[in-house]
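A short worksheet on the structure shown next.
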Amino acid sequence: MDEMSTQAYGQPLAIEARNVRRVFKVKPTKSQPAKETIALDGVDLQVRSGELFGLLGPNGAGKTTLIKILVTLLYPTSGQALVDGFDVVTQAQAVRERIAMVSGGETSGFGLLTVREQLWMFSQFYGVSSTVAAQRADELLKVVGLWDERDRKVHTLSTGMRQRMNLCRGLMSDPKILFLDEPTLGLDVGVARDIRAYIRQWISEKPGRTILLTTHYMQEADELCDRVAIIDQGRILICDTPAAIKRQSRQATYFQIITEPLNGTEVTLCGLPGVVSCQSRLVDMGTELRITLADDGAIAHVVGSITGQGKRILALQKVEPTLEDVFVETVGRRFGDDTQPAA
Amino acid sequence: MTHNLLLNLRAVIGRAYPRIVGQNRAPTWVFYDILLPLLAVTAFVFVYRALNAPPEFTGFVIIGGSMLAFWGNVLWGMGAELFWEKNDGTLELIMMVPCSRMAILVGMAAGGMFAASLRALVTIIVGVVLFNVRFDLSRLPMLLAVFVLTMIALYGLGMLFASLYLLWGREAWHINNLLMEPVNLTSGMYFPVRAFGQMLGLIFSLIPLTPGLDAMRQLLFPAQPMGLIPVRYEIAILAVLGMVFAVAASRALRYMENLAKTEGRLTVRWQ
């Protein structure tokens, strides 16, 4: 075990990444020369034991690449990654005994097996005795609301049921560290809420359990995580508690405005004095704007510009900054805009 | 060490389970994997009868047809299985577990053996009942030893193939396709491999099926001296092949896994 990875804030570290780089080389083809993609560019990360840690970032930020390195599916190009003090490259076996991973949209497994059989099968790969596996499967299925489906074949399950089963599958080995890679991806609101509730319950049941959760749902990270790191283009930009991250944004103020349809003229708002950024989207009533201002007084310019276009303001309120606001401030674009900067 | 042994044994049982259960729950394989291949066996029997070949040749075909079941299981039930698991997303989960990779593959093999054995048995029953094949079982212990050694060597070869799928995807699938018929030919699946001549026959003995089939035929049909080399030499060849393939498979699995993780191809789908 690596001695240096025991201390951070006086608590042992469950996960540690030290200047991890991962470069993917794409082989040349007839139409394209060889190229390199830097998926992770010197990532330093420390997750304490017992923490529910969120890794937030847009698609292609490097979240899944980092998780794959930590769960021993991928080697870092350089740097070192430790899980529970064990090196993921040289001590992979020790790492595997302590971890499990559940991914969103996972379709793994064997469709002809029943839910209970599926859970039992995966538990065998971790050496769990059949008696313990049966007991654990029953408990987990009851908790996630799949008890009535326990004898249904996996291929007949809905997406939400399948994801709940996957979560149970990840917990069958009672891992010390659980990696959740976008666990609520594609799920409806109710199922996602249930899964988040169970995640909170699971980590609080036993001291020392740690979760690393990746998501691009800001609200999920805000709701669940003790600390959050925002990653973009392979680099960690910010790492702190959600409240502290949002406080960093207090240098700006945020307003939410609903107006009559602006039909694209909202782009002019970004050039107004004191306006840091402006995002817009169409809603039933018209156009919803989320405006970041350098100071409260700049709102007068915004209101004046909108009314000057002959449009009515239907609602206006000052709002608390969200993690997405901080992300936009830091990165310059919304989570959904992989190539477009904020207007 | 006991902990590791128990872990890997549980993994073998766990991985074999879906194969066995799946076959019972989707029984169409009985038609495709047992009844249809019997047609090929039957065709060769009629060819030999039309050529007035000695009756033992019918037995040769029956033994070859029954061993084909295991060769098919090695290629498609073990080697290519990792390709499907990669596409299904299960490979990621399997590569993350603490049990050994060999245990997973042995589990796959054990699960597939059930169907393969059933197919082999049906082929032999058809041979006995329909085509009146008579086997000499006076050297049954040696026959079983040859069979077991052939299986060990064959499945060791299968594990070696499986390691290719960790790195490649469709390329390994094409290799499987390429191997099927040439191995059928060079192992003397439906004829005595002695027909190739001593030198070629010995070269082809690097494929476990070749010495295995030849030895089994010599033991089951001693009246027809069509063997390539004496059975005791073929047993020795099989024992060596078994050890070589098992060691090579273990190293290849480790090497391919490391290479795949370095290049980032372990979990790339639709490759």
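Side notes on the structure shown:
- Length gained when the stretch B:Asn87-B:Ala248 is fully extended (0.36 nm per residue, less Cα-Cα span): 55.4 nm
- Among B:Leu39, B:Leu143, B:Leu157: highest mean-square fluctuation, GNM of chain B, C-alpha pairs under 10 Å: B:Leu39
- For B:Gly59, net neighbour charge (Lys/Arg +1, Asp/Glu -1) across residues whose Cβ lies under 10 Å away: 0
- Spin-label proximity, B:Ile13 to segment A:130-164 - amide N less than 19 Å from point 7 Å beyond Cα toward beta carbon: A:130-138
- Gaussian network model of chain A, Cα within-10 Å springs - most flexible of A:Asn166, A:Asn263, A:Asn19: A:Asn263
- Choice from A:Gln309, A:Gln219, A:Gln80 with maximal GNM fluctuation in chain A (Cα, 10 Å cutoff): A:Gln309
- Compactness check for segment A:1-132: Cα Rg over 2.2 N^0.38 Å is 1.26.
- Hull-based mean projected area of segment B:176-271, where the convex hull spans the alpha carbons, in square nanometres: 7.8 nm²
- Using only the C-alpha atoms, the convex hull of segment A:145-288 corresponds to 182 Å³ per residue.
- Backbone phi angles across segment B:117-129, fed through the Karplus curve with coefficients 6.51, -1.76 and 1.60 (θ = phi - 60°), yield HN-Hα couplings of 5, 5, 5, 4, 5, 4, 4, 5, 4, 4, x, 6, 7 Hz in residue order; Gly and Pro are listed as x.
- Only Lys, Arg, Asp and Glu carry charge here, each on its Cβ (+1 for the first two, -1 for the last two); on that basis segment A:254-319 has a dipole of about 40 debye about its Cα centre.
- Accessible surface of the protein assembly as shown [probe 1.4 Å, protein heavy atoms]: carbon and sulfur percent: 60 percent
- Its residue count N sets the reference 2.2 N^0.38 Å, and the alpha-carbon radius of gyration of chain B equals 1.04 times that reference.
- Relative contact order %, segment A:254-319, counting alpha carbon pairs below 8 Å whose residues are six or more apart: 47 percent
- The accessible-area loss of segment B:94-126 on complex formation, taken against its chain alone with a 1.4 Å probe, reaches 40 Å² or more at B:Met96, B:Val97, B:Pro98.
- Using a 1.4 angstrom probe on protein heavy atoms only, the contact between A and B buries about 3000 square angstrom of accessible area, both sides summed.
- In this structure chain B gives 44 Å² per residue of accessible area when probed at 1.4 Å with all protein chains present.
- Ranked by how many other beta carbons lie within 10 Å on average, peptides B:43-53, A:193-203 from highest: A:193-203, B:43-53
- Based on the Kirkwood approach, the hydrodynamic radius assigned to chain A is 22.2 Å, with every pair of different Cα atoms included.
- For B:Trp29, B:Trp84, A:Trp147, the ranking by accessible surface with the largest value first comes to B:Trp84, A:Trp147, B:Trp29, using a 1.4 Å probe.
- Area accessible to solvent at A:Asp151, 1.4 Å probe radius, in Å²: 100 Å²
- Quotient of C-alpha Rg and 2.2 N^0.38 Å, computed over segment A:254-319: 0.96
- Computed lengthening from A:Glu320 to A:Asp284, 0.36 nm per intervening residue step minus Cα-Cα distance: 10.6 nm
- Remark: mean inter-chain Cβ contacts per residue of A:115-126 equal 5, using a 10 Å Cβ-Cβ cutoff to other protein chain atoms.
- 20 Å binning of all Cα-Cα separations within the protein assembly as shown, expressed as whole percents from 0 upward: 17, 40, 27, 12, 4, 0
- Simple spin-label estimate for A:Thr156 and B:Glu181 in nanometres, 7 Å along Cα-Cβ: 4.2 nm
- Links that overshoot a 19 Å alpha carbon limit, given the list A:Lys68/B:Lys261; A:Lys25/A:Lys68; B:Lys86/B:Lys261; A:Lys25/B:Lys86; A:Lys68/B:Lys86: A:Lys25/B:Lys86
The values are calculated or read from the model by the stated rules, or taken from the named source; none is laboratory data. For clarity, every value in this text was computed on a predicted model and none was experimentally measured. A quick note on method: Cβ atoms are made from the backbone with ideal geometry, for glycine too, and the neighbour counts reach across all protein chains shown. Ligands, DNA and RNA are excluded from the accessible area calculation, which covers all protein heavy atoms including side chains. Shrake-Rupley method; radii C 1.70, N 1.55, O 1.52, S 1.80 Å.
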